[in-house]
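Novice: Here it is: the structure, laid out below.
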Amino acid sequence: STIVLLFEAPKDFSFKLQPGQPIRVGEGLGSV
Amino acid sequence: MLSTGRSFLPRPRPLPLLLLTGGGYLGYEHYRRRGPRKDGAPPPPATPTQVALYRSFPTRLLSRTWGRLNGVELPTWLRKPVFSLYIWTFGVNMQEAAVEDLHHYRNLGEFFRRRLKPAVRPLCASSCLISPADGKILHFGRVKNSEVEQVKGVTYSLEHFLGPQKGRGNDPSSFRDSLLSSPDHDLFHVVVYLAPGDYHCFHSPTDWKVELRRHFPGSLMSVNPGVARLVKELFCLNERVALTGQWQHGFFSLTAVGATNVGSIRVYFDQELQTNAPRYSKGSFHDYSYVAVDDQVLQVAGVGGGASVQGGGVVLQKGEAVGEFNLG
């Protein structure tokens, strides 16, 4: 199963992620 | 048998034959494509014929059968060996489970829906957006030209994925632009893949208000990263539930995409939602608005958990449990 998030954000929104990295509920995905 | 005149040869059965030959062919193709490539390039996506062949498998029927099988109550003595095998195969961390005693779970379906101990998933306070689920980041980034990447280089149409938007009419701007509330904003996406051993509830990734639920009945192909690399538009073909609304920066959506083994999706505040039902018409979708038009709408919405309905939709807090995936 998969969860897809699609969202609007200011252009300077930045992700704190690496492709393929394991993640858990509550861990930060990104911020403005 | 000879005396009764019956043949030793079994009667031909087309469905298992199709499954065996088709599965064998796809397996061979997958193996051939995944073979070492001298240029290091990723394997090319499957052809439309290969995707059509895969889609012709009765994945929905298989999924529901799998679900029913896993709903059968196991005798107490069998629970520990069965669940231990599952834990060992998929690397489940039972130390995090709210109930560690395997005898407590009556069947694999219940075990799959296990809850976690409180406080084992602290919420990141410095991020306005947190992960809604345990899993692996399949892909993320900025959405360009109304095409979203499910994995690097394999895309799907944003419009097919979310369906037509209300009030758009003959708007000449791109679908992506029509979702944005400000020219200073962009559209972003994140894909989280949940493996069979992961905790399968999903939580609210931010503070937001859900206005609409759109249920797309569809195929139930595997969504594992290998298949996502091969099947273009996989997320538009599979059964899914899209929750859309608003957050502090404008448009926001969370979509739960089903798969063969995990075919049904539950949303705690929506008792009306029924997924992976036998009746299915390709390309259809069913909307349910949480925006109160009158009192009747609020009554049938069936709000549960910590969510609350206000005049403009269902208000969700960051980290709040929203729903779960179920076997079959």
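Read-outs throughout are calculated quantities, based only on the coordinates presented, and are distinct from any laboratory measurement. Small disclaimer: the values here were computed from a predicted structure and weren't measured. Please note: Cβ atoms are built from the backbone with ideal geometry, for glycine as well, and neighbour counts cover all protein chains shown.
Novice: Straight-line reach from B:Lys318: which lysines fall under 19 Å, measuring Cα to Cα and dropping same-chain residues less than 8 apart?
Specialist: Leaving aside lysines fewer than 8 places away in the same chain, those within reach of B:Lys318 are A:Lys16, B:Lys117, B:Lys209.
Novice: If packing is taken as the mean number of other Cβ atoms within 10 Å per residue, what is the order of B:189-196, A:10-17, B:278-285, highest first?
Specialist: Going by the mean number of other Cβ atoms within 10 Å, highest first, we get B:189-196, A:10-17, B:278-285.
Novice: Separation between the B:Leu69 and A:Ser31 pseudo-spin-labels, each 7 Å from Cα along Cα→Cβ, expressed in nm?
Specialist: Distance between label points: 4.7 nm.
Novice: Right, here's the next one. From other protein chains only, count the Cβ atoms within 10 Å of every residue's Cβ in B:192-199, then give the mean.
Specialist: Mean shielding by partner chains, rounded to a whole number: 3.
Novice: What does the charge add up to near B:Pro278, with Lys and Arg as +1, Asp and Glu as -1, over the other residues with Cβ less than 10 Å from its Cβ?
Specialist: Within the 10 Å Cβ shell, the charges total +3.
Novice: How far is it, in nm, from the label point at B:Val82 to the one at B:Ala119 when both lie 7 Å from their Cα along the line to the Cβ?
Specialist: Distance between the two pseudo-spin positions: 3.4 nm.
Novice: Averaged over B:246-254, how many beta carbons belonging to a partner chain fall within 10 Å of each residue's beta carbon?
Specialist: Averaged over the peptide's residues, the number is 4.
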